[in-house]
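Have a look at the structure below, then the notes.
The values are calculated or read from the model by the stated rules, or taken from the named source; none is laboratory data. Worth saying up front: this structure is predicted, and the values here are computed from it rather than measured. Every residue, glycine as well, gets a Cβ built from its backbone with ideal geometry; the counts of neighbours run over all protein chains shown.
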Amino acid sequence: MRKFAPQVGGSPWRDGARVLHVYLLPDLSVDQDLAQLVRACREAMKPYPITPLNDGLLHATVEMVADTTADHITGDDREALAESLRKHLEGTAPFQVMAGSPIANKAGALLDLSPDAPLADLKGQVQDAFIAARGPNVIQHDGGRHHMSLGYSWDTASSDALQSALRRISPSHAPFHVARVHIVDVQFRERARERGATAWEISWDPVAAIPLGGST
């Protein structure tokens, strides 16, 4: 692995910049097996230069608003985005996917999410809602496979060694219930770490929670 560096639309993230995203946020009081899996992954990650995400920062990215930074999106624009999501997600029922196996990669560690079909359908609906609210330039990247981030690396280390540690975790899968999407105002800041290193750390402010299929 090497130091994680966030990007916006294929360009480096500016320290302190804020960008609107749609995230899936786990409710670990409901998905208690997922909470146990996450705790086991954190133990495995301890010897490595990774900033683990605490329970309140666990997330799976659905899409980002990539046409501008959040400081240029007004309150009315945010409400229009939320309303577009409500309309497009009316027919999308809550669903369950599996989180796991845990994977070490070049940017830290994550939980793979499967099966692809409900997640891909949700992403497509969110993208359609974004485009309806903001136009085609709002989508500027692919995003890769669906996953839940566990932590971001801030230095180089052996991904193979971490993967071996993660592979020893059993059970390696847990249910993840998806009942809503969250619009969040995401910020990355570069913070000092030991030995003169720096780490990108994430935070966000909630904007709106959109239930799937009219669920509560």
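Okay, here's what the table says:
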quantity: Leading residue by the ranking (farthest from the chain's Cα centre (by Cα)) among those in the range 93-110 that are in a loop (DSSP other than H, G, I, E, B) and modelled with pLDDT of 95 or more; calculated: Ala93
quantity: The range 1-56, residues that are within 27 Å of Ile210 (Cα to Cα), in contact with a Gly (Cβ under 8 Å, 6 or more places away or on another chain) and assigned to a loop (DSSP other than H, G, I, E, B); calculated: Leu53
quantity: Residues of the range 27-46 classified as over 21 Å from Val181 (Cβ atoms) and in contact (Cβ under 8 Å) with a residue 40 or more places away in the chain, total; calculated: 8
quantity: Residue check for His88: crowded, with 17+ Cβ neighbours inside 10 Å and closer than 16 Å to Leu34 by Cβ; calculated: no
quantity: Residue within the range 69-76 that is farther than 23 Å from Asp142 by Cβ, of a type in the set (A, V, I, L, M) and out of contact with any helix residue (DSSP H, G or I) (no Cβ under 8 Å at 6 or more places or on another chain) present; calculated: no
quantity: Residues (within 30 Å of Thr74 (Cβ to Cβ) and hydroxyl-bearing (Ser, Thr, Tyr)) located in the range 1-47; calculated: Ser11, Tyr23
quantity: Residue that is closer than 20 Å to Ser84 by Cα, in contact (Cβ under 8 Å) with a residue 24 or more places away in the chain and not small (Gly, Ala, Ser), where the choices are Arg134, Arg167; calculated: Arg134
quantity: Subset tally (residues that are in contact with a strand residue (DSSP E or B) (Cβ under 9 Å, 6 or more places away or on another chain) and exposed (fewer than 15 other Cβ atoms within 10 Å of the Cβ)) for the range 58-85; calculated: 2
quantity: Filter result for His21 (crowded, with 18+ Cβ neighbours inside 10 Å and over 30 Å from Asp160 (Cβ atoms)); calculated: yes
quantity: Single residue of the range 125-149 satisfying the filter (part of a loop (DSSP other than H, G, I, E, B) and either in contact with a helix residue (DSSP H, G or I) (Cβ under 6 Å, 6 or more places away or on another chain) or modelled with pLDDT of 95 or more (or both)) that is surrounded by the fewest Cβ atoms within 10 Å (Cβ to Cβ); calculated: Gly135
quantity: Given (1) surrounded by fewer than 16 Cβ atoms within 10 Å (Cβ to Cβ); (2) in contact with a His (Cβ under 7 Å, 6 or more places away or on another chain), index of the condition Ala5 fails; calculated: (2)
quantity: Extreme residue, nearest to the chain's Cα centre (by Cα), among residues of the range 196-216 that are without any contact (Cβ under 8 Å) to a residue 40 or more places away in the chain and over 26 Å from Thr68 (Cα atoms); calculated: Thr216
quantity: Val178 vs. criteria buried (at least 16 other Cβ atoms within 10 Å of the Cβ) and over 16 Å from the mean Cα position of the chain (by Cα); calculated: no
quantity: Count of residues meeting criterion [polar (S, T, N, Q) and assigned to a helix (DSSP H, G or I)] in the range 111-124; calculated: 0
quantity: Filter result for the condition that a residue is among the acidic types (Asp, Glu) and in a strand (DSSP E or B), over Asp160, Asp185, Asp155; calculated: Asp185
